[in-house]
């Protein structure tokens, strides 16, 4: 069993925010593959299952994502956990992959690290940094720009495909095939 988690915030007002790009990838997976919704309140998230894959959107808000992942992991004991998240340290348009590591100030990853440890695969989707550190919160909680939205479909498609392949292939092969590098900064 493999668990693919998309990070985001559950309320409608956050739906198109940069911080919700993980939810966007899960929604894309749900729109193209047959999954059954599992309704169990103790999971504290929207959970979907196919034969050997679980998809999770924690509904605890970003800063408590680890609670939902821990509940699902304790119940299903997945072999692999893949977490899809926004990354301020990568320019918009970049898609990278890694196993383990630090949270880099990302409160969703911090919560996961505290709940289940750091040993999970990461699909890092670059959202770029704001010009000033004091604008980080408003940056992650704002929608992608109109120009960025034009490229977002390709990024989500690559992240979706890579997430599925990560459940079967090794990280190096996925990185070689699915990594995206930014060509230009779209504001």
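Nothing in this text is a laboratory measurement; each read-out follows from the coordinates by a stated rule. The structure presented is a predicted model; accordingly, all values stated were derived computationally and were not measured. Please note: Cβ atoms are built from the backbone with ideal geometry, for glycine as well, and neighbour counts cover all protein chains shown.
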TODO: Could you list all residues from segment 1-45 that are within 20 Å of residue 79 (Cα to Cα), surrounded by 16 or more Cβ atoms within 10 Å (Cβ to Cβ) and in contact (Cβ under 8 Å) with a residue 24 or more places away in the chain?
DONE: 2, 3, 4, 5, 6, 7, 26, 29, 43, 45
Open item on the list: Can you name every one of the helices (runs of 4 or more DSSP H) wholly within segment 47-149 that holds 1 or more residues which are within 13 Å of residue 3 (Cβ to Cβ) and over 12 Å from the mean Cα position of the chain (by Cα)?
Closed with: 65-76, 107-116
- [ ] Could you please let me know if residue 114 is closer than 20 Å to residue 69 by Cα, exposed (fewer than 15 other Cβ atoms within 10 Å of the Cβ) and touching a helix residue (DSSP H, G or I) at 6+ places or on another chain (Cβ under 9 Å)?
- [x] yes
